[in-house]
Amino acid sequence: MSDPLIVRPAARLRGEVRVPPDKSISHRAALFGAIAAGETRVQGFLDAEDCLATLRCLRALGVQIDEEGRDRLVVHGRGLRGLQPPTVPLDCGGSGTTMRLISGILAGQTFDCVLTSNEALRKRPMDRVIEPLRRMGADISGDRDRFPPLRIGGGQIHGMVYHLPVASAQVKSCLLLAGLYATQPTVLHEPAPSRDHTERMLRAMGVKVDHQDGVITLQPPPTGQPPLAPLDIRVPGDFSSAAFFLVGASLLPNSSLRLLDVNVNPTRTGLYDVLIRMGARIRLENERTLGGEPVADLEVGHNPLESTVVGGDLVPRMIDEFPILAVAATQAQGVTVIRDAAELRVKESDRVATTVAELSRLGARIEERPDGFVVTGPTPLQGAEVDCHKDHRLAMSLAIAGLVARGETVIHNAGSIADSFPGFAEMLEGIIAPLDAERRA
Ligand code: S3P
């Protein structure tokens, strides 16, 4: 893929594609496999920068990981307490999921280590894991107790009852992983449901994790009993990657697209619910269960969209999909309001500010709010030079905006797309029918 990425207007999207494997499930398969007893086989591991950071950290902790082809892994688990002290700092790159989840595992070890990151991740809040892990007995500190790098020493972990201040699957997963090293249960109250891949996978590995009315309880495996059982995991397609094509095909007349084997876990499909409410034509077909996760093929065609209001419990169910929802809203009839989404400000970029700034350059009528944005549509977009601020999801959202705009859209810093969706530009190229030359200008 070229950087900058240049996008030209398209007539429609057509065909059948398989989006890359789910990023969240890939991270978890490698991390949980590393502390299981035996070989975990992962088919369809996401070969993207963020997940490669997780493999790099695990290898530095003495975990043998065999790569068989591009997307198959065998993780040789070392058991809950078998990781080795690293001789180098663990480099999490730009992956918040790597840093926050692995912190839960490292809190329960008996050695010291340091977690470093790239510059972008150094600006993202880690107090959300530092503070509760300390309450569980962990010896952990960060830069000004808020940011990477983190230093984690061994600690005697104990279970606790904790009310999560934000609905964050990364924080929840971190604390559940630390809870594996406690002797008492860990009880977490979630303000709203966040993605539950950790609970599903730990359960499949034999851990007692219960979820009732927003309260998640993990019983640590009793000492002397076999710990986590290794798994054979097939990772389904990532709904968050499918999201770009769902919106692209909804917006471009005469589109007809089939997306195969997409994870449709209800804690992830908030955007589907919102698009349907806006009038989108999306059908779930061939619904089935794959590795403990609901999966379906998604059929999507064009339909005019109406504006909507998104807030409350819906927000965590589509937390990564707001930049692409903003693109959909620019073409929807009426005023779309996004609220209760201040979390967007601490993602790979401040996604409230960057989405508003970059879509404005394309002529969108979009206004910033402290906890979201307001979009008025429909507005014809005009291609321009934009910057994705090294945020992969903003880059791909701008690419979809470029398909419905007139003229050429040049997206700077688009190399970041490789964080979650290597091959995005090529896959898009394969399903685009270009506009006739005279209608392009
Ligand atoms: C993730 C959880 C979400 C999401 C991120 C991946 C995960 O983050 O934005 O891309 O795999 O648990 P938060 O938990 O910080 O909301």
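Each value in this text was obtained by applying a stated rule to the coordinates, not by laboratory testing. Computed from a prediction, not measured in an experiment: that's the story for all the values here. Cβ sites come from the backbone with ideal geometry, for glycine too, and all protein chains shown count toward neighbours.
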Seminar exercise, completed: Exposure proxy check on ARG200, ARG365: fewest-to-most Cβ neighbours within 10 Å is ARG365, ARG200
Exercise. Calculated from DSSP H runs of 4 or more alone, at -39500 (n - 2.57) each and per residue, what is the 222 nm mean residue ellipticity of the chain, nearest 500?
Worked result: -8500 deg cm²/dmol
Exercise. Expressed in nm to one decimal, what extension gain is obtained for the pair LEU284 and ALA353 from 0.36 nm per residue of sequence separation less their Cα-Cα distance?
Worked result: 21.5 nm
For this session: At 0.36 nm per residue, minus the direct Cα-Cα distance, what do PHE111 and GLU426 gain on full extension? Give it in nm, one decimal, please.
Result: 109.0 nm
Seminar exercise, completed: Going residue by residue through region 88-102, the Karplus relation 6.51 cos²θ - 1.76 cosθ + 1.60 with θ = phi - 60° gives ³J(HN,Hα) values, rounded to whole Hz and with x marking Gly or Pro, of 10, x, 8, 8, 8, x, x, 9, x, 4, 4, 4, 6, 6, 5
For this session: Report, as a whole number in µm² per second, the diffusion coefficient that Stokes-Einstein gives for the chain at 4 °C and 1.567 mPa s using the Kirkwood radius over alpha carbon pairs.
Result: 59 µm²/s
For this session: Could you check the simple spin-label distance between ALA37 and THR183, using points 7 Å along Cα→Cβ, in nm with one decimal?
Result: 2.0 nm
Exercise. At what distance in angstrom do the alpha carbon centres of region 421-436 and region 286-356 lie from each other?
Worked result: 21 Å
Problem set entry | Contour excess over end-to-end distance, with Cα ends at GLU408 and ARG18 and 0.36 nm allotted per residue | 137.7 nm
For this session: Compute from the Cα atoms of region 23-216 the Rg and the Dmax, the latter being the longest Cα-Cα distance, and quote both in angstrom.
Result: 15.3, 43
Exercise. Taking R0 as 25 Å, what's the FRET efficiency between GLU385 and ALA433 from their Cβ-Cβ distance, rounded to 0.05?
Worked result: 0.50
For this session: Pop the C-beta distance of GLN64 and LYS123 into the FRET formula with R0 = 45 Å and round what comes out to the nearest 0.05.
Result: 0.85
Seminar exercise, completed: Summing +1 per Lys or Arg and -1 per Asp or Glu among the other residues with Cβ less than 11 Å from GLY372's Cβ gives -1
For this session: Mind running the shape call on region 379-441? Use the C-alpha gyration tensor, a ≥ b ≥ c as the square roots of the eigenvalues: rounded below 1.5 for a/c, prolate if a/b tops b/c, oblate otherwise.
Result: oblate
Exercise. Tell me, what is the Rg over Rh of region 171-221, with Rh the Kirkwood radius over Cα pairs?
Worked result: 0.91
Exercise. Once phi is turned into θ = phi - 60°, what whole-Hz ³J(HN,Hα) does the Karplus curve with 6.51, -1.76 and 1.60 give for every residue of region 377-391, x standing for Gly and Pro?
Worked result: x, x, 10, x, 9, 10, x, 7, 7, 10, 10, 8, 6, 6, 10
Problem set entry | Within straight-line cross-link reach of LYS347, lysines at Cα separation under 19 Å, skipping those fewer than 8 residues along the same chain | LYS23, LYS123, LYS172, LYS390
Problem set entry | Quotient of C-alpha Rg and 2.2 N^0.38 Å, computed over region 157-198 | 1.08
For this session: Would you mind classifying region 264-347 by shape? Square roots of the alpha carbon gyration tensor eigenvalues, ordered a ≥ b ≥ c; an a/c under 1.5 is rounded, otherwise it is prolate if a/b is larger than b/c and oblate if not.
Result: oblate
Exercise. Points 7 angstrom from Cα along the Cβ direction at ARG81 and VAL337: gap in nanometres?
Worked result: 5.5 nm
Exercise. Based on the Kirkwood radius over alpha-carbon pairs, what is the Stokes-Einstein translational diffusion coefficient of region 206-329 at 20 °C with 1.002 mPa s viscosity, in µm²/s?
Worked result: 131 µm²/s
Exercise. Antiparallel DSSP bridges in region 23-216: what percent, to the nearest 5?
Worked result: 85 percent
Exercise. To the nearest 0.05, how large is the calculated FRET efficiency for VAL161 and GLU306 if R₀ is 60 Å and r is the Cβ-Cβ distance?
Worked result: 0.90
Problem set entry | Where labels lie 7 Å past Cα in the beta-carbon direction, separation of HIS211 and ARG8 in nm | 4.6 nm
Exercise. Can you tell which of ARG268, ARG56, ARG28 shows the greatest fluctuation in a Gaussian network model of the chain with Cα springs below 10 Å?
Worked result: ARG56
